[in-house]
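Novice: Here you go, one structure.
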Amino acid sequence: MLTKDLLRVSRAGGGYRPRFAGREHRPLAARVIGTYQGHVGESRSTLEDSLTELEADAEDFKLVRGFAALLERDATFETDATVDPERARRAAFEAAEAVGVVTDDERTMALVRAGESLGVSADDLESALYADLEEREVLAAVEPRWDPEELLGRYNLSLTQTALFDATELRIRSSDPKALISAIKRLRLMYEIRRLDDDSTGSDGDGGIAEREVVVTGPTHLFRATRRYGTRFARLLRTVAKSETWSLEATIDDRGTEHTLALTHEDPVRVPDAEPIADVSFDSTVEADFAARFSALNLEWDLVREPEPLATGTRVMIPDFAFDYHHADFRVYFEIMGFWTPEYVEKKLAQLEALEDVELVVAVDESLGVGKEIAARDARAVPYTGSVRVKAVVDVLREYERQLVADSAAALPDELRPDDDVVSLETLADRRGVSEDALADVVFPEHERVGRTLVRPAVLESVADDLEPGTDLEAAEAVLEASSITDSSAILSELGYRVEWEGLAGGTLVERECGE
């Protein structure tokens, strides 16, 4: 972005449109680049004088200053002084106090004394006194990232971002809606998705989202406008302009007067190859913290970030997360309601009310005071303060899980007769597409259930014949492995053995005593 004092827009006819740089401005861009390159080793004030001369040849001095502002980011300025300016001033003031400076000769004498105390000449000391002032800094190096043509493109992007800083609402259509929504959420912007009149079928692969309009609320719709939020709002343009085709309409608060800024992919707004959004991965630290803590648990649910959009009447809602159950085609959506304006909360509540046949859990900041309203809309509300309690969410998922287990268990036959001589309950559950818990009441007439393994009695008898007290544990495990048994502890216990350990040397089998 450029600073607002460099904003160039046309308000002709009551409109509001950035005054883009075109090919006719390429020579001027080249001269600004050349001015910087030609002033390496010279002071900033000398560079500024040359830029001022360029302004006389330009149609608008803001254009020169805009190019310069972008090049400034690639320039390195340094303080050029024999001695640190602060040390020089301190020594000069102390010497002046000792001498009692009134005349020029006394001033010279003070500078000589101060220079002698620092081991430098009086001239070098005098040059260092204010060498750290901005206008006296020296341009040490400049390495422009862009040639003149690229500088024009960068300028147009930055100019448009600056124009969007004061937007109160942004309406976008994009050929890459997933990237757009992802950027909006990561930048923590408030948004909703509206169906358009010409989109009634939702025929594309993302439920029609590509043919819908994304409406983003700008910074002045918060309790108070903030520069940080406004910057994020303007940065969204980088993602918008990355799409092959796009259109954008923004309502701009132009010093108390509303104007409409309209842009499309046909306008000269281009984005460099760098990724548009790279420093924010979650909508908020609350979401990032929840995702990290939930993912560390070994649950029967997978956490999905930004799942598919849900239709809510004439609009679309994209929940923050979804939980997918491992053993069935079952998904629970999860939304975190944090720092939202009252108007935005009302929109979200209306969306919840319009949802049908969707399981939704909402973590709601207690300060919003809308827990009862959420529950009234058939969604599960989990209150939180500061951070979402993972246990509270897991408890809700456990309720779903118990019902899913009961349903899958009811669909199983009363008896199962696996072909395997040895099979784990985990493997059998995977084959049946159920959880292990669903097998709890199933009878296995041809197998014995030992720990989490089903074993034919003949296999147990064969293994028992090959083991005896005093058998080395390593040898015993080899016998079990030959019969495809991996749960050695449970099998050995079933056969009446325990392991007696002998330090680090290993262990041997001994008979379990009665009651062990």
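Novice: Taking the conditions exactly as written (surrounded by fewer than 17 Cβ atoms within 10 Å (Cβ to Cβ), of a type in the set (K, R) and either within 30 Å of V332 (Cα to Cα) or modelled with pLDDT of 90 or more (or both)), does R456 satisfy them or not?
Specialist: For R456, the condition - surrounded by fewer than 17 Cβ atoms within 10 Å (Cβ to Cβ), of a type in the set (K, R) and either within 30 Å of V332 (Cα to Cα) or modelled with pLDDT of 90 or more (or both) - is not met.
Novice: Exactly one condition in (1) surrounded by fewer than 14 Cβ atoms within 10 Å (Cβ to Cβ); (2) of a type in the set (G, A, S); (3) not in a helix (DSSP H, G or I) is false for A98; which is it?
Specialist: That leaves (3) as the condition not met.
Okay, residues lined up against (1) of a type in the set (S, T, N, Q); (2) in contact with an Asp or Glu (Cβ under 8 Å, 6 or more places away or on another chain); (3) in a loop (DSSP other than H, G, I, E, B); (4) at pLDDT below 85:
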{"site": "R232", "(1), (2), (3), (4)": "no, no, no, yes"}
{"site": "L261", "(1), (2), (3), (4)": "no, yes, no, no"}
{"site": "P268", "(1), (2), (3), (4)": "no, no, yes, no"}
{"site": "A274", "(1), (2), (3), (4)": "no, no, yes, yes"}
{"site": "D283", "(1), (2), (3), (4)": "no, yes, yes, yes"}
{"site": "A291", "(1), (2), (3), (4)": "no, no, no, no"}
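Novice: Just the residues that are within 24 Å of S10 (Cα to Cα) and among the small types (G, A, S), please, taken from segment 21-62.
Specialist: The answer is A21, G22, A29, A56, A58.
Novice: Another question about this same structure. Looking only at segment 4-46, which residues are under 20 Å from T168 (Cα atoms), assigned to a helix (DSSP H, G or I) and under 35 Å from the mean Cα position of the chain (by Cα)?
Specialist: K4, D5 - these are the residues of segment 4-46 that are under 20 Å from T168 (Cα atoms), assigned to a helix (DSSP H, G or I) and under 35 Å from the mean Cα position of the chain (by Cα).
Novice: Checking K185 against (1) buried (at least 22 other Cβ atoms within 10 Å of the Cβ); (2) under 21 Å from the mean Cα position of the chain (by Cα); (3) not acidic (D, E), which test does it fail?
Specialist: Every condition holds for K185 apart from (1).
Novice: Taking the conditions exactly as written (touching a Ser or Thr at 6+ places or on another chain (Cβ under 9 Å), at pLDDT below 90, in the same structural domain as D487 (by TED's automatic domain parsing) and more than 25 Å from V332 (Cα to Cα)), does R432 satisfy them or not?
Specialist: no
Novice: For segment 441-484, name all the residues that are within 55 Å of the chain's Cα centre (by Cα) and of a type in the set (D, E).
Specialist: Matches in segment 441-484: D441, E446, E448, D472, E474, E477, E481.
Novice: Moving on. Can you tell me which residue in segment 404-423 is farthest from E446 (Cα to Cα), limited to those that are surrounded by 14 or more Cβ atoms within 10 Å (Cβ to Cβ) and either of a type in the set (S, T, Y) or under 42 Å from the mean Cα position of the chain (by Cα) (or both)?
Specialist: Checking each candidate, the answer is L404.
Novice: Report yes if some residue within segment 58-76 is within 21 Å of S158 (Cβ to Cβ) and in a strand (DSSP E or B); otherwise report no.
Specialist: Looking for residues that are within 21 Å of S158 (Cβ to Cβ) and in a strand (DSSP E or B), one finds at least one in segment 58-76, hence yes.
The values are calculated or read from the model by the stated rules, or taken from the named source; none is laboratory data. As the structure is a computational prediction, the values presented were derived from the model and not from experiment. So basically every Cβ, Gly included, is an ideal-geometry build from the backbone, and we count neighbours across all protein chains shown.
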